[in-house]
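One structure is given here, and the rest of the page talks about it.
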Amino acid sequence: MPGWDLPSSEAALELAARHPGVIDAAVGIHPHDAAALDEPSFARLESLAAEPGVRAIGEIGLDFFRNLSPPDLQREVFQRQLALAAANGLPVLVHDRDAHHDITEILLAWAGRAGSRHPGVLHAFSGDARMAERLSDGGFLISFALPVAFRSATGPRDAAAALDAGRFLVETDSPYLGPDRDRRNEPSTALRVTAELARIREMQVSELVAPIRAAYDSVVAR
């Protein structure tokens, strides 16, 4: 369960503490909230990142679609949180919207410096197969949400067909990216995503489950 600001990061830790072995917590500042990250807030984020229940830094990244925070400030906050992840030996959960080039170059450069075998996850992936393959070669996992089931999502669908087994995850991104405006996005959405991935890859759903679980465990293990 990722945080997107300090209150949600604290809530993620509390929820993970109530459900050990079921929920893992991540803490971070979403690019929408980058402009609100002052020095006292970053100090608090540093203290949260050091909590033993934290398994990742996220949701962090870049969003050049809405630009709710200035792009240059988004990049600065993203880089600071990548450094925080490296300092704590944690993977990152990355948000990318209309920032494919910047995200790819920043992450590959950072992963090379951090030296982690499992540097993180591209959440709700919206790029293309080439981007997915480059990031996968850099050690990152690619996570697919429900849009991969839509014919219009040619980039993610091509990526889903191209990636090796064990190099991708499934997610709901609840409450966002649900089936439609009238239907609730809930954990069962992950079953639909998995079924679509199996169809794209021309295999049985049961064949996907073990590699997905192993990929997740390899990232969050401390």
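The values are calculated or read from the model by the stated rules, or taken from the named source; none is laboratory data. Just so we're clear, the structure is a prediction, and the values are computed from it rather than from any experiment. Cβ coordinates were reconstructed from backbone atoms using ideal geometry, including for glycine residues, and neighbour counts include every protein chain displayed.
For this structure, a couple of remarks:
- Inter-residue pairs, beta-carbon under 6 Å, first at positive phi and in the range 119-135, second of a type outside the set (Gly, Ala, Ser) and surrounded by fewer than 24 Cβ atoms within 10 Å (Cβ to Cβ), 6+ apart: Ala124/Asp173
- Qualifying positions in the range 178-194 - aliphatic (A, V, I, L, M) and crowded, with 17+ Cβ neighbours inside 10 Å: Ala190, Val193
- Cβ-Cβ under 7 Å pairs, at least 6 apart or on other chains, the range 9-31 side assigned by TED's automatic domain parsing to the domain that holds Ser69, far side among the polar types (S, T, N, Q): Val27/Ser9; Gly28/Ser9; Gly28/Gln81; Ile29/Gln81; Pro31/Ser69; Pro31/Gln74
- Residues satisfying the stated conditions in the range 119-132, i.e. among the small types (Gly, Ala, Ser), in a helix (DSSP H, G or I) and under 25 Å from Trp4 (Cα atoms): Ala132
- A residue that is within 13 Å of the chain's Cα centre (by Cα) and crowded, with 16+ Cβ neighbours inside 10 Å occurs nowhere in the range 154-165.
Quick grid of which residues meet (1) crowded, with 20+ Cβ neighbours inside 10 Å; (2) touching a His at 6+ places or on another chain (Cβ under 6 Å):
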| position | (1), (2) |
| --- | --- |
| Trp4 | yes, yes |
| Glu10 | no, no |
| Leu15 | no, no |
| Val22 | no, no |
| Gly28 | yes, no |
| Ala43 | no, no |
| Ser47 | no, no |
| Gly53 | no, no |
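- Residue check, Leu68 surrounded by fewer than 17 Cβ atoms within 10 Å (Cβ to Cβ) and hydrophobic (A, V, I, L, M, F, W, C): yes
- Taking the criterion of being assigned to a helix (DSSP H, G or I), within 20 Å of Ala195 (Cβ to Cβ) and either touching a strand residue (DSSP E or B) at 6+ places or on another chain (Cβ under 7 Å) or not assigned by TED's automatic domain parsing to the domain that holds Arg213 (or both), the residues of the range 133-183 that qualify are Pro156, Ala159, Ala160.
- Test for Arg167: is it of a type in the set (D, E, K, R), closer than 24 Å to Ala85 by Cβ and modelled with pLDDT of 85 or more: yes
- Checklist (1) in contact (Cβ under 8 Å) with a residue 24 or more places away in the chain; (2) over 13 Å from the mean Cα position of the chain (by Cα) applied to His101, failing item: (1)
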